1. Looking only at segment 402-423, which residues are under 17 Å from Y195 (Cα atoms), assigned to a helix (DSSP H, G or I) and more than 17 Å from the chain's Cα centre (by Cα)?
2. Would you confirm whether or not segment 227-234 contains a residue that is in a loop (DSSP other than H, G, I, E, B), at pLDDT 90 or above, within 16 Å of ligand 2 (Cβ to nearest atom) and not hydroxyl-bearing (S, T, Y)?
3. Identify, please: which residue in segment 218-275 is without any contact (Cβ under 8 Å) to a residue 40 or more places away in the chain and of a type in the set (F, W, Y) and is, among those, surrounded by the most Cβ atoms within 10 Å (Cβ to Cβ)?
4. Taking the criterion of being buried (at least 19 other Cβ atoms within 10 Å of the Cβ) and within 16 Å of ligand 1 (Cβ to nearest atom), would at least one residue in segment 395-412 satisfy it?
5. Give me the pairs, please: first residue somewhere in segment 172-193 and β-branched (V, I, T), second residue anywhere and surrounded by 15 or more Cβ atoms within 10 Å (Cβ to Cβ), beta-carbon distance under 7 Å, and either six or more positions apart or on two chains.
6. Could you grab me the full set of residues in segment 418-454 that are among the acidic types (D, E) and within 16 Å of ligand 2 (Cβ to nearest atom)?
7. Report yes if S157 is within 19 Å of N325 (Cβ to Cβ), within 16 Å of ligand 3 (Cβ to nearest atom), in a loop (DSSP other than H, G, I, E, B) and of a type in the set (G, A, S), otherwise no.
Amino acid sequence: MRKGVQLFFGVLTSNAISLFGATLVTIAALFIVFFMLLSYLGHVNSPYLGILVFLILPTFFVIGLVLVPAGALWRRRQRRIHGDTDPELAAGFYPVLDFNRAKTRQMFTVVGILTLVNLFTVSLISYQGVVYSESPTFCGQVCHTVMEPEYTAYLNSPHSHVACVDCHIGPGASWFVKAKLSGLRQVIAVARKSYSTPIETPVHNLRPSEETCEECHWPKKFSGDSLRVHKHYLDDESNTPSYTVLLMHLGGGRSASKGIHSWHISEEKDTYYLASDEKRQKIDVVRVQEKGGALTEYRMSDTTLTGADIAAGEFRRMDCIDCHNRPTHIYKPPATLIDYAITDGSISKEIPFIRMKAVEEFTAAGNEFAPWTQVDEKIRAYYAENNPEVLETMKDKLDASLVTLERLYRQSVFPEMKVKWDTYPDNIGHTNSIGCFRCHDDSHASSDGKVISQDCNVCHTVLAWEEEAPEILNQLEVPQ
Ligand code: HEC
Ligand code: HEC
Ligand code: HEC
Ligand code: HEC
Ligand code: HEC
């Protein structure tokens, strides 16, 4: 063994290339260990560290590994060219492995052990590299500017602890490969700055929700009716609360119960649709295919598509994502964000007209992608002019409210990516974008005159609508 090590060092130092390779391997390995330790100890937490540790340093490591034998072979060739008559060189370019010679065996043991160690190291780093490339930190932070809107919205959503890959890739080898190829295209797009601003939606090759959402959510689960209390505030001096109370007919379960999930995710039928715009907001044709065979086709009354367009059209099978297209990249309109903040007290309800002024200036600045300071200045100027007392008696409350408003502004306006709260349509309701009413508009009709209903009680019962003190909340003893 000792002999083998000596021989091995002899080869390493016999030529500049091998020596350089060995140095490269050593330095790269030391740096990898050093940075891994630093990150495990929590001293550095940069998304770029992963690229260094799992991509750049391993590349040098492997190049170094290749250079060691390459250098030895080069040196062998040089010796032959320069007329070295060592009988070992007579066989040709490659050395002869004669295991009857002690020298070969000793050398082989050392090279064998080192190769095993290196294989182990390289596979460990590759595995860690794959884990890293699947982490939300990698997906959301490495191409920081590009992913900023999606990542910020994600961090503030109910799915902030679900990895990006659980929805965007899902389990299985073929999607893994597809995702890595698409990831490579994206990295190239970022490097060439050829990505679109904003990033386009919908994601056309998103995996069907059966294999992503339904890994966690169980569509057969019965949820029945679900009460939703929406607390808004009026644009008056005292920011008066106003309630909308809905009983959502969610349904679900195996029974033939009525309700949103009961109808839409039942196993008895599949719904397909043809949209005539990129964002799938204008739905011209809907087909409901019963498992028994019956097919009903609904067409939008003023569709511009011809029979030939429809015959050639690519229908999409409706799944969870056609309603829940914003389960995690959720951008709420300014009024909703401000209402939430007044409810949780982080914007003070005591400041006169704060709801009206905040919504107005937030919306105006956001629509121009103006910097936050504009909102701050305009709101302060408004009070200076109309109600200077606020600036004196409520200075702390106003300052704190503006800190909250700034946070909300930065979470919904992204000038670099040209993304704001209404860039991406939300399909779940019908108030912020057309949503359910893309089909449920009483105008999509079948040949026998059936329409997709807009009856206000099909999806929910509206128990109160913008009321200041709804009776129903008293009856249900909901604290207000
Ligand atoms: C709970 C599931 C889920 C998670 C987790 C998730 N996404 Fe998404 N993502 C979606 C859905 C659904 C869409 C919209 C698909 C559509 O409309 O076709 C989307 C769309 C996108 C888009 C396209 C632009 C847009 O906003 O529509 C980007 C970019 C994106 N996601 C990046 C990410 C990144 C980065 C992460 C992790 C930090 C992540 N996603 C985590 C479900 C998810
Ligand atoms: C890895 C598991 C996981 C995956 C995958 C997943 N979810 Fe969820 N989802 C959750 C958990 C956990 C919650 C509950 C979070 C909470 O209550 O804070 C949740 C909550 C929800 C909610 C209720 C949100 C709310 O405002 O209370 C909806 C709707 C939802 N998910 C839809 C989806 C859709 C659509 C997909 C696929 C694009 C999906 N989920 C993928 C785990 C998952
Ligand atoms: C036709 C549209 C539609 C489809 C398709 C759909 N949902 Fe929903 N889902 C809704 C609506 C509407 C709500 C209620 C939202 C609200 O009240 O804010 C909801 C609520 C939910 C909730 C929250 C339940 C609760 O008790 O609060 C989850 C989780 C959910 N859906 C998961 C799914 C999954 C998983 C799929 C696919 C198998 C799916 N949905 C398909 C429209 C749909
Ligand atoms: C792609 C078109 C399409 C979209 C989008 C759509 N639906 Fe539907 N929905 C249908 C069709 C078609 C029917 C069956 C109509 C019929 O036979 O009366 C239906 C039926 C329903 C029913 C059952 C009606 C009943 O009479 O029992 C409910 C509830 C429902 N949808 C809720 C929703 C909700 C909530 C949304 C939005 C989150 C939504 N739908 C979005 C196509 C759509
Ligand atoms: C196809 C299903 C469907 C139909 C039909 C429907 N809605 Fe809705 N509606 C929804 C959904 C889904 C939401 C969102 C619930 C949520 O965000 O919790 C909603 C939300 C609302 C809200 C609450 C808005 C807010 O933010 O406070 C009101 C008010 C409302 N609907 C009124 C109506 C009226 C009036 C009609 C009849 C013209 C109607 N809806 C028809 C599905 C429907």
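The values are calculated or read from the model by the stated rules, or taken from the named source; none is laboratory data. These numbers come from a predicted model, not from an experiment. Because the Cβ atoms are built from the backbone with ideal geometry, glycine has one as well, and the counts that use them run over all protein chains shown.
1. Applying the first criterion (under 17 Å from Y195 (Cα atoms)) to segment 402-423 yields 414-419, 423.
Checking the rest, the ones that are also assigned to a helix (DSSP H, G or I) come to 415-417.
Answer for segment 402-423, where residues must be under 17 Å from Y195 (Cα atoms), assigned to a helix (DSSP H, G or I) and more than 17 Å from the chain's Cα centre (by Cα): P415, E416.
2. The first filter runs over segment 227-234 and keeps only residues in a loop (DSSP other than H, G, I, E, B), leaving 234.
Filter once more, so that each one left must be at pLDDT 90 or above: 234.
Narrowing further to those that are within 16 Å of ligand 2 (Cβ to nearest atom): none.
Checked against the condition, which is being in a loop (DSSP other than H, G, I, E, B), at pLDDT 90 or above, within 16 Å of ligand 2 (Cβ to nearest atom) and not hydroxyl-bearing (S, T, Y), segment 227-234 yields no hits at all.
3. W263
4. yes
5. From segment 172-193, the pairs are V190/C143; V190/V146.
6. We begin by selecting, within segment 418-454, every residue among the acidic types (D, E); these are 422, 426, 441-442, 448.
Listed by number, the list holds a single entry, D426.
7. Working: within 19 Å of N325 (Cβ to Cβ): yes; within 16 Å of ligand 3 (Cβ to nearest atom): yes; in a loop (DSSP other than H, G, I, E, B): yes; of a type in the set (G, A, S): yes.
Considered against the rule, which asks whether it is within 19 Å of N325 (Cβ to Cβ), within 16 Å of ligand 3 (Cβ to nearest atom), in a loop (DSSP other than H, G, I, E, B) and of a type in the set (G, A, S), S157 comes out as yes.
Listed here are the residues, each with its yes/no results for (1) in contact (Cβ under 8 Å) with a residue 60 or more places away in the chain; (2) assigned by TED's automatic domain parsing to the domain that holds F362; (3) in contact with a Ser or Thr (Cβ under 9 Å, 6 or more places away or on another chain); (4) farther than 29 Å from C320 by Cα.
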position	(1), (2), (3), (4)
L398	no, yes, yes, yes
V403	no, yes, yes, yes
V413	no, yes, no, no
S446	yes, no, yes, no
G449	no, no, no, no
Q454	no, no, yes, no
